[in-house]
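Derivation of every value follows stated rules applied to the coordinates shown; laboratory data play no part. Owing to the predicted nature of the structure, the values given are computational and were not obtained by experimental measurement. In this analysis, Cβ positions are derived from the backbone assuming ideal geometry, glycine residues included, and neighbour counts consider all displayed protein chains.
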Amino acid sequence: MTVDPRLNSRLREAFGSSPFILTKFDSFMDWVRGSSLFLLQFGIACCSIEMMHTFAVKHDLDRFGAGVPRASPRQADLMIVPGTIVSKFAPRMRRVYDQMPEPKFVVGMGSCTISGGPFHKGYNVVKGVEEILPVDIHVPGCPPRPEALVYGIVKLQERIISGQRSPVTVDPYELEKFGDLDTHELIEQLADQISENDLVMRYNWSDSP
Amino acid sequence: MIGVSKNGTLDYAKLEKMLGDLVLQKEDHVNAPAFVIRPDAVEETLTLLKDEAGFDHLSCVTAQEYEDRFESIYHLRKYDSPQHELGIVVPSPKSNPWNQSASSVFRTADWHEREAYDLVGINYVGHPDLRRILLPDTWQGHPLSLDYDQNKPQIITLQEHENPLQHTLDDNTMFINIGPHHPATHGVLHLKTVLDGEHVVAVDPDIGYLHRCEEQMAQGLNYRYQIMPYPDRWDYASAGLLNEWAYARAAEDLGNLEVPEYAEILRTMGAELCRICAHFLAVGTFALDIYGDFTAIFMYAMRDREIVQSILEDLTGQRMMFNYFRLGGVVWDLPEPRNEFLSKIQTFLDAVPAGIQEYSDLMTSNEIFQLRCVDIGILSPDVARQYGVTGPVARGSGIDYDLRRDDPYGYYSNLDWDVVTEDGCDIYSRFLVRLGEVEQSAKIIQQCVSLLESWPEDDRIIQSNVPRTIKPPADAEIYRAVEAAKGELGIYIRSDGTQQPARFKIRSPCFSNLSTLSEMAEGGLVPDLIAALGSLDIVLGEVDR
């Protein structure tokens, strides 16, 4: 069987006559995963504008094998969280994250996803994305420049390819059934508004960092 | 028209006489006088002012709590002469804060009063649908009231809707959620939509997914330095300098600060660069909505934005969050070497006409684009005025309203430019207005560049003498607006004599513009709903604040 000469690369020359390479399945899969990340097309706030610039001409994230935004979470394996998370949005974001297939990765973009950023004193602002989801890479900035986001994603790819996984070190707010919550004055007040089987997220603001 | 004297200025004595017993007291706000009225006389007063005195624009509704009372302020002005302003102040008792709703007189009061109820807790009697708008329904307390404890826990629901395909209602309609995570909603907007086949029966925008407490933030910061970085984050489509100007204008008038002429030119140039940048984003994302993918137009718009952002970065030091304005001027002069910087702007300006032509070839003269846009998403001028619509959306409905010309500030009145209006009242007209405004902004920048080139070197004063701490007199109140990228961006500030505002209210143009969505989309097709939403060019950071 002859191979089309256009497909012959220098790499193939280096392999010599044997068309086979030997590797571990896991390392091969890690290499594949890291080299073709599908992003979730997901905008929240100011950072999403810089995120769009990262996808678009000039910065062109796809050069690094990570630049195809997918509108459905079921087709995505990387979620960039670009902006401030507020109480009303966090349960929805959690749901979108849960809909992504494993293995999945999260890059927190901007100061708001680290601590709430300039809005961390707000009555409605979740103090960082780690209160909701596990995060692999934090990119600081307000907003980070596209170059910084590219750097963050490339770092994530390095980690994926080398088989590293981030441990989940947070105790995030979970979606729970209203009926399962511990009794509290607040629960009694809301009892006629929310049915026992509804999913809720309970924010204990005083415990936030 | 009652209340206008022969030389065109407002005669408040005549207005007071017209209202007669309705006026309990007259207050002097820094921008205009205000009448205090009873909480049960709101409808009557506003109807009189609207029908007899021509106040057809309810800019903003501000609610606030004092130590001894609650208060709603209705900021009125006229579409034809925005410098005619009047405040209507409605105090109500601490024990039972209420006043009559204005929503039967001005449709825009519907959303504004919902927000006031949500954040401050005033009850608007007669409001058709008084429920929370920014915060979730299950929220406890009103965060901008004085006794609010923000450490209390809160519970937010994620209720699942029934699968609409399994359960159809008797009338064959289907409920569908669009957003809050959806590529066509330009951020985190949630549209509760009821469909009959492909037709939209009802659409209810559900906002508040990006409510970052901007007003609370500003109320905890000092006038002199700390508030200025925040406006950049309201309309974050690189329109930062336009927003900064809204705050600067209100605070400078409140604190009686002068701005040197040279700084006004720098401000005008920077602000118009921001407008171009914001309109390019509108063009790019609108193409995304209409053509459905990351096509050439989106990429072209991004390419052009990169050029403008790079100029702005040279000027201010940041790509998006500029923090360039200071009270009484700007933070620094043009970057050195000046000529290099100015010729960089010149290169960009020289390319604008060809760029506009390119967008026109790709979009406005494209038959498919026209089929999606012409005569769709109709917003008649009367309805637009009812909803307090401003900016390119209003000008696309033939309303000739632009605060840069009608309520002059900055250097605009010394420059030669036109207000762009279109009479189509449809999606297509709004798009044409934006393209036209890019051209006009380029014209303004061109004149600024010429002025800066020839400005004498010893007269480059970038900031007037501003005291280190600014403490406006106690109980001074002001409402001031500028023409931001999306329309009238107004700030209401009440001072309590300290370095921080006691109440800081943001009148967002996107908020009012978005409230017209149901008028435009109901009865149309689903794709037209998406196109109409795109044509409003909302930025959720500004809608939710």
Extension reserve of the B:Asn7-B:Asn256 stretch, reckoned as 0.36 nm per residue once the Cα distance is removed: 87.0 nm
Only Cα pairs under 8 Å and at least 6 apart count here; give the relative contact order of chain A as a rounded whole percent. 19 percent
Could you give me the ³J(HN,Hα) list for segment A:117-126, computed from phi with Karplus coefficients 6.51, -1.76, 1.60 and θ = phi - 60°, whole Hz, x at Gly and Pro? x, x, 9, 5, 8, x, 5, 10, 9, 6
Can you bin every Cα-Cα distance in chain B into 20 Å intervals starting at zero and give me the percent of pairs per bin, rounded to whole numbers? 22, 56, 22, 1
What does the protein assembly as shown give for Rg and for Dmax, in Å, if only its C-alpha atoms count? 26.7, 101
With a Förster distance of 35 angstrom and the Cβ-Cβ distance between A:Glu196 and B:Asp129, calculated FRET efficiency to the nearest 0.05 equals 0.80
State the answer as a single residue: which of A:Ile132, B:Val383, B:Gly534 lies farthest towards the positive end of the charge dipole of the protein assembly as shown, with beta carbon charges of +1 for Lys and Arg and -1 for Asp and Glu, about the Cα centre. A:Ile132
How long is the gain from B:Arg69 to B:Asp400 if the chain were fully straight, where each residue apart is worth 0.36 nm and the alpha carbon distance is subtracted? 115.3 nm
Three principal axis extents, largest first, for the C-alpha atoms of segment B:374-459, in Å? 53, 23, 13
Just want the answer: with Cβ charges of +1 for Lys and Arg and -1 for Asp and Glu, which residue in A:Ala191, A:Gln99, A:Phe178 is farthest toward the dipole's positive end in chain A? A:Gln99
If I model segment A:6-88 as equal point scatterers sitting on the Cα atoms and use the Debye formula, what is log10 I(q)/I(0) at q = 0.18 Å⁻¹? -0.87
Partner chain Cβ atoms within 10 Å, averaged over the residues of A:38-45 - can you pull that number for me? 5
What is the distance in Å between the Cα centres of segment B:454-482 and segment B:417-448? 30 Å
Note, segment A:94-102: 3J(HN,Hα) by Karplus (6.51, -1.76, 1.60, θ = phi - 60°), whole Hz, Gly/Pro = x, goes 4, 5, 4, 4, 5, 7, 6, x, 6
Quick one: of the DSSP bridges fully inside the protein assembly as shown, what percent are antiparallel, nearest 5? 75 percent
Taking the Cα-to-Cβ direction at B:Glu439 and at B:Gln159 and moving 7 Å from each Cα, how far apart do the two end points lie in nm? 5.1 nm
Calculate, for B:Ser81 and B:Asp40, the FRET efficiency according to 1/(1 + (r/R0)^6) with r their C-beta to C-beta distance and R0 22 Å; round to the nearest 0.05. 0.15
Counting only other chains, and only Cβ atoms inside 10 Å, what mean value do you get across the residues of A:53-62? 4
With contacts defined as alpha carbon pairs under 8 Å and 6 or more residues apart, what's the relative contact order of chain B in percent? 17 percent
Taking beta carbons within 10 Å but only from partner chains, what does the mean come to for residues B:303-309? 3
Which of the lysines could a cross-linker span from B:Lys344 if the Cα-Cα distance has to be under 29 Å and same-chain partners fewer than 8 positions apart are dropped? A:Lys58, B:Lys443, B:Lys486
Can you work out the FRET efficiency for the pair B:Lys17 and B:Ser104, with r the C-beta to C-beta distance and R0 = 22 Å, to the nearest 0.05? 0.30
I need two numbers for segment B:261-353: Rg to one decimal and Dmax as a whole number, Cα atoms only, in Å. 14.7, 46
Kirkwood Rh, angstrom, segment B:4-160 [1 / mean 1/r, Cα pairs]: 16.6 Å
With the Cα gyration tensor of chain A in hand, convert its eigenvalues to equivalent ellipsoid semi-axes via √(5λ) and list them largest first in whole Å. 41, 20, 14
In whole angstrom, how far apart do the alpha carbon centroids of segment B:249-269 and segment B:486-545 sit? 25 Å
Between A:Arg10 and B:Arg468, how many nm apart are label points set 7 Å from Cα along the C-beta direction? 6.3 nm
B:Gln346 and B:Gln25 label points (each 7 Å along its Cα→Cβ direction) are spaced in nm at 6.0 nm
